[in-house]
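The structure under discussion appears below in the form of structure tokens.
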Amino acid sequence: MRYNPLQTRPINPKRDLALYGYGSVAWKNRVEWKRKQQHKIQKVSSDGEGSDLNDFDGHCDIPKCAESKQQLSRKLPIPSSKINPYRIVIILRLAILALFFHYRIRNPVHDAYWLWLTSVICEIWFAFSWILDQFPKWYPIKRETYLDRLSLRYEKEGKPSELAPIDIFVSTVDPVKEPPLITANTVLSILAVDYPVDKVCCYVSDDGAAMLTFEALTETCLFARKWVPFCKKHKIEPRAPEWYFAQKIDYLREKVHPEFVRERRAMKREYEEFKVRINAVVANSHKVPEGGWVLPEGAPWHGNNVRDHAGMVQVITGHDCVMDDAGNKLPWLVYVSREKRPGYDHHKKAGALNALLRTSAILSNAPFVLNVDCDHYINNSKALREAMCFLMDPVLGEKNCYVQFPQRFDGIDQHDRYSNHNVVFFDINMKGLDGIQGPIYVGTGCVFRRHALYGYDAPTATKPPSKTCNCWPMTCCLCCRSKRKCLKAKKKQENQKKVKCRDASKKVHALEVTEIGKENAILVPQEKFEKRFGQSQAFLASTLQESGEACRFDMLKSLDDCMHVLSCGYENKTQWGKEVGWIYGSVTEDILTGFKMHCHGWRSVYCMPRRPAFKGSAPINLTDRLHQVLRWALGSVEIFLSKHCPVWYGYQCGLKPLERLSYINSVIYPWTSIPLIIYCALPAFCFLSGKFMVPEMNIYSSILFIALFVSIAATSILEMQWGGVGIDDWWRNEQFWVIGGVSSHLFALCQGLLKVLGGVSTKFRVTLKGGDTNEFSELYEFKWTWLLVPPMTLLLLNVVGVLAGVSKAITDGYESWGPLLGKLFFSCWVILHLHPFLKGVMGKQDRVPTIIVVFSVLLAAIFSLLWVRVNPFTIKFDGPVLEVCGLECE
């Protein structure tokens, strides 16, 4: 019997292997060549050309001109004419709420006691949720940056740039839901960013180990040679070609230089050809050979088995043989795919980011790290400089752990039916948090300080540096930074201290201060140091070096170290995911990671440049949007049921009280789904039972209700005024708060309880990114999900209740219309808030899908029949019926 080997083929047989760069995936006979280049590179480095990576922190020679000594940013408080009335209204609203609940509790409805009691409990919970959301917005601020001062301070004429290096992390996992063209545009915008080329390293994490993603990045490298010099020559915005060429601007109408028009047309043709090549790679990837993919030289692709493959690291651009068409070097572009084996918990996105954090520490070791999703391109080429105005500020920069940018989106329908822009959160809530201890981390568009990700405590300004260990940047540090210039708090003199770390074979490896405020640093055995960071000597050495001092050219030695830190068992018995890096334990690793940093005493900064720094795509389909909200709410439930819940975690640390309130609100909001669903169903039950949850109104109660509604409206109007939010955005946010609350939040609560208490795991669903050629065609597409049933049931219940109530009022006559108005108000409130949901399930065909109608009618009928049969909110009396006879017994 003859053996027939499985058929294999490369996804692009004509690919020149030299275009892949060098790394664990492919290395075209460069080993000897690289060794020959070592002597030349070391000679160049010794001449001082690489010294710009070392003195980035501003303690070097500073120009003596007055402007260079000024701060790089400043706070802009909200004008008192706007913020003072807002605070007064909040206090008045608290007083009105106290009077309202005093009236509600002291005046029960005896003939519908349980109906009244349920409504009061729901209203108390809503008031508690409002307090958690409102008070963190007590000190809203804005910020202003000075890019000219940044350049004056760190980019001196005739000297190398002293701006800090930045490692940029791009995360992707599924090339089907996250099309390669979207990822390519994000990478192109990073490679063309307005920042020194030798200070930027782009790492793409492919957690799906897809050959398609790797080939698309190789094509992107080819196009970047033309795109990057074009962007920098003409200073265009944005620098993602898909969105740049989609701008509806008539360049021939204005007085534009003919050379630019000619080059723009040529570049657009190049981009169209690039898209054709990408689409060809995508088409070829649909037919996977039986034996899996291979490289053009015949070597097998390591990611043929997505769940069982070795790690991969490939430097595609950044080496000397890759230049753009203008003869300049391109920023580093590194493809990374961590090792995956059956039986290991890989921790989804947080695990992938931690793998990138370790790999980048070995290769580039930049002091700052930017992470973006694959669909979030850089819309403002000066975004990195904006962040550096806060992180490299000589006065306040050391205390900032990260700079968070707001999320902005392209491709949203004009009316933003499902509140994808989330303007209320990004333009109101985040400004309020910025005035306390800083905004929460939202998962993308955030520039981190690497030391903060390593779990260090923030530097304390009130206490002088330790006598034994004076190293910057923090009092509580894990390792003594060699060659670091420190400033003593009292003497204000610069002292330089060199610390030599012993070999790995010795017992002592680093210095550590175990507690905040401890006067003397103590020596820590190497075993304890390895238990925190792992057993990679190369990674441990990177933590002992100056940030940015990694040997970028020694790929021969660094490759094995990278493979070590990418192994799936590296994090076992370490503090990764617990105290170091992105924190595990929730599908929303962003909230946990930012929360832990704030507990360590760090501050964060909210940066809102006039031109949005980043833009991305959002799901405009109702089902995809509900699943996205479901994932966020599920993560909050997981945090609430974990030891890291802000209700009981992190006291006696650096977390401020109002900041804690915001974190409590971010993990407790899914629980509001229970009272919200009950409250939305109560009006229908009132119609069906003929009772009402509010007692008969009098003058005092009418004044209370009117004052409460006026205070709610006044608070919202004043928030929109100082936050710059339109009435449409506010109303869409209110509507989707109800839609998501009665659907996604409820399911997230159930799934979270099953996962944490019952051990039932949930599947991570990747949100669909972009992709359709027809504008807004996805908006009308119907996708079945159980998330659609609860809102539709509530709609039917309230519609049936309104019809029944109006019919009964017409039958009973004029006197029954008075009590009907209150019930109509609450039912119409529910229907108006669920109106976008109704439009979503009807789609473009103006009809509700049959399956939704069947399930919703069935549930509405069951609840109605149970209500008629049980009628639980009416007091039962089994004694004799007593009537007034009209006779005087005496």
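Per-structure values
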| read-out | value |
| --- | --- |
| Å² of accessible area per residue within the stretch 379-451, as computed with a 1.4 Å probe and no ligands counted | 21 Å² |
| Too-long pairs where the Cα-Cα distance tops 28 Å, listed order kept, from K349/K643; K248/K382; K399/K573 | K399/K573 |
| For G318, distant residues with modelled amide H under 5 Å away | L330, L333 |
| Under-5 Å amide H pairs with W293, H placed in peptide plane, nonlocal only | W301 |
| Long-range amide H partners of K142 with built H, under 5 Å | L76, I78 |
| Percent carbon-and-sulfur accessible area, the stretch 75-135, ignoring ligands, DNA and RNA, probe 1.4 Å | 73 percent |
| With all protein chains modelled, accessible area of D729 [1.4 Å, Å²] | 50 Å² |
| Largest to smallest accessible area among W130, W301, W730, W786 [probe 1.4 Å] | W786, W730, W130, W301 |
| Simple Cβ-charge dipole of the stretch 138-278, Lys/Arg +1 and Asp/Glu -1, about Cα centre, in debye nearest 20 | 680 debye |
| Neighbour-limited loop hits for trypsin sites (Lys or Arg not before Pro), the stretch 290-384 (at most 16 other Cβ within 10 Å; DSSP other than H, G, I, E, B) | R307 |
| Given K75/K596; K177/K287; K82/K431; K75/K232, the pairs whose alpha carbons are separated by over 23 Å | K75/K596; K75/K232 |
| Stretch gain in nm, segment K839-V799, where the contour uses 0.36 nm per residue and the Cα spacing is subtracted | 12.9 nm |
| Positive-end residue of P196, T172, M267, charge dipole of the stretch 171-272 with Cβ unit charges | M267 |
| Phi-based couplings in Hz for the stretch 344-358 (Karplus 6.51, -1.76, 1.60; Gly and Pro marked x) | 10, 8, 8, 6, 6, 5, 4, x, 5, 5, 5, 4, 5, 4, 6 |
| Derived scalar couplings ³J(HN,Hα) [the stretch 313-318; Karplus, 6.51 cos²θ - 1.76 cosθ + 1.60; whole Hz; x for Gly, Pro] | 9, 9, 8, 8, 10, x |
| Unit charges on C-beta of K, R, D, E only; dipole of the stretch 558-605, Debye | 260 debye |
| FRET efficiency estimate (nearest 0.05) - Cβ-Cβ, C828 to K808, R0 22 angstrom | 0.80 |
| Selection of GluC sites (Glu not before Pro), the stretch 573-656, meeting DSSP coil and at most 14 other Cβ within 10 Å | E579 |
| Whether the stretch 120-184 is rounded, prolate or oblate, judged on the alpha carbon gyration tensor where a/c under 1.5 counts as rounded | oblate |
| Length released on extending from K287 to K348, taking residue separation times 0.36 nm less the Cα-Cα span | 19.3 nm |
| Electrostatic dipole magnitude of the stretch 163-214 [Cβ: Lys, Arg +1; Asp, Glu -1; Cα centre; debye, to 20] | 80 debye |
| Peptides ranked, highest mean first, by Cβ atoms within 10 Å: ranges 223-235, 384-396, 364-376 | 364-376, 384-396, 223-235 |
| Label-zone membership for the stretch 664-704, site I105, 7 angstrom Cα→C-beta point, backbone N under 19 Å | 694-695, 701, 704 |
| Rounded Å value of the spacing that divides the Cα centres of the stretch 558-604 and the stretch 669-711 | 46 Å |
| Heavy-atom SASA rank of S642, S558 (probe 1.4 Å, accessible area, largest first) | S642, S558 |
| Fraction of alpha-carbon pairs over 27 Å apart in the stretch 307-433 - percent | 41 percent |
| Segment C750-H415, length gained on full extension (0.36 nm per residue, minus Cα span) | 117.4 nm |
| Sparse-neighbour loop sites [GluC sites (Glu not before Pro); the stretch 100-170; at most 16 other C-beta within 10 Å; DSSP] | E155, E157 |
| ³J(HN,Hα), Karplus 6.51/-1.76/1.60, whole Hz, each residue of the stretch 73-86, x for Gly, Pro | 7, 8, 8, 10, x, 5, x, 4, 5, 9, 7, 5, x, 4 |
| C653-D133 FRET efficiency (beta carbon distance; Förster radius 22 Å; 0.05 resolution) | 0.40 |
| Three-way shape label, the stretch 137-228, alpha-carbon gyration tensor, a/c 1.5 | oblate |
| Å² per residue, accessible surface of the stretch 183-249 at 1.4 Å | 24 Å² |
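The values are calculated or read from the model by the stated rules, or taken from the named source; none is laboratory data. Given the structure is predicted, the values throughout are model-derived calculations rather than measurements. Cβ atoms come from the backbone with ideal geometry, glycine included; neighbour counts cover every protein chain shown. Just so you know, the surface numbers come from the protein's heavy atoms only, side chains and all, with ligands and any DNA or RNA stripped out. Shrake-Rupley method; radii C 1.70, N 1.55, O 1.52, S 1.80 Å.
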